[in-house]
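Since the structure comes first, as structure tokens, the remarks are kept for the end.
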Amino acid sequence: MNPSQAVILLGGKGTRIQSLYGDRPKCLVPVSGRPFLLWQLEWLLRGGVKHVHLAAGYMADVLRNWLKTDAPKGMEITFSVEPEPRGTGGAIKFAEPWIQSDPFFVLNGDSLAPGLDFQTLEKAHRDSSNTWITLGVTQIEQTGRYGTVEFDTEDRVTAFLEKAEREHGWINTGIYCVSRCALEAIASGKNISIETDIFPALAAADRLRVFRAEPPLLDMGTPDGLEAMEKFLHCQPSVKN
């Protein structure tokens, strides 16, 4: 069994936080004094993931220059640049030539879920033979900012609910374990959202399941989210080491 590779989606402009850091892509915004991407890469490395593909877009040249000097040791990092924004699904499809493992992980480029274990996620995915994508989920109180995911006792996704104020619920972490066959469901050269265009169809075909991770979900895509992430990391030395 080959070690699984991770694809990090970094094509977005980060418009909600760009007013604070307009000179760099969102993944290089400092979090507790270090570029956020470095936190993600080290988290993957601790989880046994040493091969990472960066699916870049906006300000890719700045990111490429950063990698030349500051990428963590012990990782094999490949890099691609979308010719135009293609959404999360389109970005994964564009990265297909660089994806070497089956399954592989996909991560959104602005979040951390420190309670999620990559090896356990992969095992759960492999143990479910009919599943094309296993979606990491975690619980949250007051879900108004997020859409929620509903699933049955066998962890099969049954519904995606739009953003609404609920006391608690399960939300998408933006971390997935994906079988290569799922790439067949994504058209080439189009702007496609994996969340809204691909997931509902896979759920209807019983090919989408969830993997439950311990909270929190940390999202640095907004100034408030960035502040909350920094507070968490300051209190969790094990996350930094």
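The values are calculated or read from the model by the stated rules, or taken from the named source; none is laboratory data. Note that the structure is a prediction, hence the values are computed from the model and not measured. Quick reminder, even Gly has a Cβ in these numbers, built from the backbone with ideal geometry, and neighbours come from all protein chains shown. Calculation scope for accessible area: heavy atoms of the full protein, side chains included, ligands and nucleic acids excluded. Shrake-Rupley method; radii C 1.70, N 1.55, O 1.52, S 1.80 Å.
At a 1.4 Å probe radius, carbon and sulfur cover how many percent of the accessible area of segment 1-136?
Looking at segment 1-136 in its full context, I get 50 percent from C and S.
Would segment 96-183 count as rounded, prolate or oblate if I go by the C-alpha gyration tensor, calling it rounded below 1.5 in a/c and otherwise prolate when a/b exceeds b/c, oblate otherwise?
It is prolate, given that a/c is not under 1.5 and a/b is the larger ratio.
Per residue, how many Å² of accessible area does the chain show with a 1.4 Å probe?
Heavy-atom accessible area per residue stands at 47 Å².
Compute the distance in nm between two label points, each set 7 Å from the Cα along the Cα-to-Cβ direction, one at N65 and one at H168.
Label at N65, label at H168, 4.8 nm between them.
At a threshold of 8 angstrom on Cα-Cα distance, excluding pairs fewer than six apart, so keeping six or more, what relative contact order does the chain reach in percent?
24 percent
Please tell me the relative contact order of segment 12-88 in percent, rounded to the nearest whole number, where contacts are Cα pairs under 8 Å and at least six residues apart.
Relative contact order for segment 12-88 comes out at 32 percent.
Run the paramagnetic zone check for E230: 7 angstrom along Cα to Cβ, then residues of segment 110-154 with backbone nitrogen under 17 Å.
Under 17 Å, as judged by backbone N against the label point of E230, lie 111-112 of segment 110-154.
Quick one: compute the contact order of segment 39-130, relative version, from alpha carbon pairs under 8 angstrom and 6+ residues apart, as a percent.
36 percent
Which trypsin sites (Lys or Arg not before Pro) from segment 47-128 combine a DSSP loop assignment with at most 10 other Cβ atoms within 10 Å?
Hits after loop and neighbour filter: K73.
Could you name the aspartates and glutamates in cross-link range of K93, using Cα to Cα under 20 Å and dropping any fewer than eight places away on the same chain?
Qualifying aspartates and glutamates at Cα under 20 Å: E82, E84, D102, D110, E184, E195, D197.
What number does the chain give for Rg over Rh if you use C-alpha atoms and the Kirkwood radius?
For the chain, the value is 0.93.
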